Amino acid sequence: MKNIIFWDQYGQLGGGQQVLLELVKAALADNFAVKVLLPAGPCADKLEGLGVEVRRIPSCALTQGKKSVLDIMRFAIYNLAVFLQNFSVLRSADLIYVNGNRLLLTSFLAQRILGKRVACHIHLNHENLEKRLFRIFLRQRRTVAIVVPSTFIQRELVHFDAAFDSAKVHIVENGLDARFTDILFEDRFSGQPLRHVGIVGRVSPEKGQDVLPMLARRFPDMDFHVLGDAAFSSADFYAALEHDCPSNVHFHGWVDDLPEKVREIGLQVCLVPSRCLEAAPLVPLQMAALSCLVVVRRLGALEDIASSLHMPSFATDAELMAVVENLCAQTAADSIAQCKSSHNLVASRYSYQSFHERLKKLMHTLFLKK
């Protein structure tokens, strides 16, 4: 039985960790032996619920965005410590799968000292420093693959260096998880005016929730919902946002059962106002599957998603205001038609079953590579 060790830098259940859960399920379905190393948190708990052996490692606290010299020192010390503390476990691996970038140095050590084959899964559009690390990783003889979640990230890497136009770089698009299996289309607009608008996911400056105070004051008869917490981001930003928002903005915190919560509050529209170059966001897929009308900022992979899934989009905050005004003015029939179009496209392209088939194919491909 082939032995895969998965590594992750976070213990929370962000988008990358949701993908990790599905990767582990795909590996288990094909009878691979699986161990996972990651920090304590809800992701580790869910993995243990699957019967997976989990080793909890410390988290690596680095500055968000551009990294300092101190960050580089922390990164090096952290990776060396994780490698030494888990040396005996790593020796048993046939393949090490690094989910994220903060354990790349540890993977270099596993390649050079233990002769291990390693794959890395990228979930973000990283800064140039990280891209240089990925380039070094790509050139290692025992690097099996760099997995990217979208053609947008592949384009960004190739633009940085043509070396990423390589057979080692695999595109595996994200998809829906089991919570969204066999969810039928639901009419959220007939007989009810547009009232409930939400933003789903981690609350952080780059995710764009700062549009809410302006929107809530402009549309006082509507209710705006924040479904998410700060996670590993700034708790100060979350607190400041709560303070700045009027009473028609409701903060629900982290939501585990998203389909049930959407039904409970009667959510009709989901905004995705990210200010960063998203790599392959799951939220637009999930919310379209839940029959919400999804509006995204034309930035990064979100622009590709808006085009392929027929979603309304905007470039600036002022344009978002105009989009919401148009949604308020359009007929229920038009809103339903938009929602149904996106829902059907997501169901056909990003279903749980098709996502798992892509992941199982990836697992087999990695083990076939020499």
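The values are calculated or read from the model by the stated rules, or taken from the named source; none is laboratory data. These figures come from a predicted structure and were not determined experimentally. Cβ placement follows ideal geometry from the backbone for every residue including glycine, while neighbour counts extend to all protein chains displayed. In case anyone asks, the SASA skips ligands and DNA or RNA and just uses the protein heavy atoms, side chains included. Shrake-Rupley method; radii C 1.70, N 1.55, O 1.52, S 1.80 Å.
Tell me the carbon and sulfur percent of the accessible area for the stretch 221-295, rounded to whole percent, probe radius 1.4 Å.
In the stretch 221-295, the share of accessible area belonging to carbon and sulfur is 50 percent.
Pop out the ³J(HN,Hα) list for the stretch 5-17 in order, Karplus 6.51 cos²θ - 1.76 cosθ + 1.60 with θ = phi - 60°, rounded to Hz; leave Gly and Pro as x.
10, 9, 10, 9, 8, 10, x, 6, 9, x, x, x, 6
Quantify how much of the Cα-Cα distance distribution of the chain extends past 29 Å, in percent.
42 percent
Using the beta-carbon distance between ASN248 and ASP94 and R0 = 35 Å, what value does 1/(1 + (r/R0)^6) give for FRET efficiency, to the nearest 0.05?
0.05
At R0 = 25 Å, how high is the FRET efficiency between ILE183 and ALA333 if r is their beta carbon distance? Nearest 0.05 is fine.
Step by step, r from the Cβ atoms, then E = 0.70.
Quick one: accessible area per residue over the stretch 92-208, 1.4 Å probe, rounded to a whole number of Å²?
Per-residue accessible area for the stretch 92-208 comes out at 41 Å².
Near the amide H of HIS225, under 5 Å away, which other amide H atoms are found, from residues 5 or more places off or on another chain, if H is placed in the peptide plane?
Excluding prolines and chain starts, which carry no amide H, the hits are VAL197, GLY198, ILE199, HIS250.
What number, in percent, do you get for the relative contact order of the stretch 116-255 if the mean sequence gap of Cα pairs under 8 Å and at least 6 apart is divided by its residue count?
Working: 166 pairs, mean separation 24.6, N = 140.
The value is 18 percent.
Where does the chain land at 222 nm, in deg cm²/dmol rounded to the nearest 500, when only DSSP H runs of n ≥ 4 count, each adding -39500 (n - 2.57), divided by all residues?
The helix contribution divided over the chain gives -13500 deg cm²/dmol.
LEU84 versus SER354, label points 7 Å from Cα toward the beta carbon: distance in nm?
4.9 nm
Can you work out the FRET efficiency for the pair GLU130 and SER190, with r the C-beta to C-beta distance and R0 = 51 Å, to the nearest 0.05?
0.60
Filter the cross-link list LYS131/LYS168; LYS35/LYS131; LYS207/LYS340; LYS168/LYS360; LYS2/LYS25 down to pairs whose alpha-carbon distance in this structure exceeds 20 Å. Walk me through the numbers on the way to the answer.
Working: LYS131/LYS168 15 Å; LYS35/LYS131 27 Å; LYS207/LYS340 26 Å; LYS168/LYS360 17 Å; LYS2/LYS25 15 Å.
Flagged as over cut-off: LYS35/LYS131; LYS207/LYS340.
Beta carbons within 10 angstrom, averaged per residue: use that to sort the peptides 147-156, 172-181, highest first.
Packing order, densest peptide first, comes out as 147-156, 172-181.
Determine which residues of the stretch 273-294 fall in the zone a paramagnetic label at ARG263 would reach in this model, i.e. backbone nitrogen under 18 Å from the point 7 Å along Cα→Cβ.
The answer is 286-293.
Sorted by average packing, counted as other Cβ atoms within 10 angstrom per residue and highest first, what order do 222-229, 68-75, 313-320 take?
222-229, 313-320, 68-75
Can you tell me the accessible area per residue over the stretch 209-341, all protein chains present, probe 1.4 angstrom, in square angstrom?
39 Å²
Each residue of the stretch 171-181 in order: what ³J(HN,Hα) in whole Hz does its phi give by Karplus 6.51 cos²θ - 1.76 cosθ + 1.60, θ = phi - 60°, with x for Gly and Pro?
Result, rounded to whole Hz: 8, 10, 5, 5, x, 7, 8, 4, 4, 10, 6.
Where does each of HIS126, HIS364, HIS121 land when they are ordered by accessible area, with a 1.4 Å probe and the largest first?
Largest accessible area first, the residues go HIS364, HIS126, HIS121.
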